[in-house]
1. Taking the Cα atoms only, what angle lies between the long axis of helix 252-262 and the longest principal axis of the chain, rounded to 10 degrees?
2. So how long is each side of region 231-365 along the principal axes, counting just the alpha-carbon atoms, biggest first, in Å?
3. Please list log₁₀ I(q)/I(0) at q = 0.16, 0.19, 0.20 Å⁻¹ for region 223-291, using the Debye equation with identical point scatterers on the alpha-carbon positions.
4. So how do 229-237, 59-67, 242-250 stack up, highest first, on mean other-Cβ count within 10 Å?
5. If you consider only alpha-carbon coordinates, what radius of gyration and Dmax does region 175-234 have, in Å?
6. Computed over the Cα atoms, what is the radius of gyration of region 95-237 divided by 2.2 N^0.38 Å, N being its residue count?
7. Structure shown: which of Lys16/Lys344; Lys16/Lys313; Lys293/Lys319; Lys175/Lys319; Lys313/Lys344; Lys131/Lys308 lie over 31 Å apart, alpha-carbon to alpha-carbon?
8. Just for the chain, what percent of DSSP beta bridges are antiparallel, to the closest 5?
Amino acid sequence: MSAPHSPQIGSVSHLKGRGAQANPPNRFERISIDDDFEHLDPEDADAPLPTLRTEYFDDDSRSIVSENDSPDIPFRYSVNPYRGCAHGCSYCYARPTHEYLGLGAGIDFESRILVKRRAPELLRQWLARDKWQCEPIMLSGVTDCYQPAERHFRLTRGCLEVALAARQPVCIVTKNALVTRDLDLLSEMARLNIVHVNLSVTSLDAPLARVMEPRTSSPAVRLRAIRELSAAGIPTGVLVAPVIPGLNDVEIPAILSEVSAAGARWAGYVLLRLPLAVRPVFQDWLARAVPSKQRRIESMIRSTRGGKLNSAKFGDRMKGSGFAADQIRATFKLFARRNHLDGKHPPLDTSLFRSRLDAAQLRLF
């Protein structure tokens, strides 16, 4: 299952199970706090830090559906039951969203999670609006809706229950096999053609995945989830996201072969993005996880981003440009075609939508 030339994984973290080890300075705050170990006893200087517990806070948002108009995003509306994500992926493009909360994009993002307890209720209210013209909604567009918090709070399941009752089409993207817990709902939604599920598979190399995505499902378990979803008749695809030049790009052929054998129907990819505070978090991770490859990986990233580590240009930020980006694109296209994953997912049915979930329910707005 391991990819050829699997990188040697170094000693990755002092905070067990975390992708980040600190918070980069918040761009909206004037004051930042840095750990100072100068005065520690020499015998304690290299001791591992204690395990950091994940904290959950209530989020009192009054709306649950977000709208975007980015030409790079294949959906307009999304629902995110959680802010922050305990998966701890070092490369997560959503990390800077925590800075709007006065928190850090590093360790805060993965250890201080905001929970929208009213998410199902707010979704029901949104769908009951006269102005809502039914079209698919993404679960989730920012942080993973099946992250560890979902085992307890069950907000994603609650949103699926609302969507099923309303016949509201939903697309799901996750890298957690917890999605199979909801096979009962997803199977019924698939029968009505109102759901697609996409599993994110970044690597087949278990040691690499464990340090790069420390609190999510292992590659083998994700493949098993694809098999279970497919066997249940749920249209399932795969995102190889992100593709990190010089690290996991060599795994593209093997990943596409394995997910196809597991029953995936389509596949796509996204090139690594390092916006704002994501860059220092990811660079710190590289220095700890694969120090011997850091310089080469950063060089290859720059070769796909016009000499920089990131590009925010529409039309370029998801796939990159230049020779290396073209090679990745051509490789993905070739092996997607060989494994019959180059088709598009079938359109979801919006004709079944019904906003009046309760005959006594008052219309909103």
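Bear in mind that the values in this text are calculations on the coordinates, not laboratory data. Please read these numbers as outputs of a predicted model, since none were measured by experiment. Glycine also receives a Cβ, built like all others from the backbone with ideal geometry; neighbour counts cover every protein chain displayed.
1. 40 degrees
2. In descending order, the Cα extents are 63, 40, 28 Å.
3. So the normalised log intensities are -0.67, -0.81, -0.84.
4. Ranking the peptides 229-237, 59-67, 242-250 by packing returns 242-250, 229-237, 59-67.
5. 12.5, 39
6. 1.10
7. Going by Cα-Cα distance, Lys16/Lys344; Lys16/Lys313; Lys131/Lys308 fall outside the 31 Å limit.
8. Antiparallel bridges: around 15 percent, rounded to the nearest 5.
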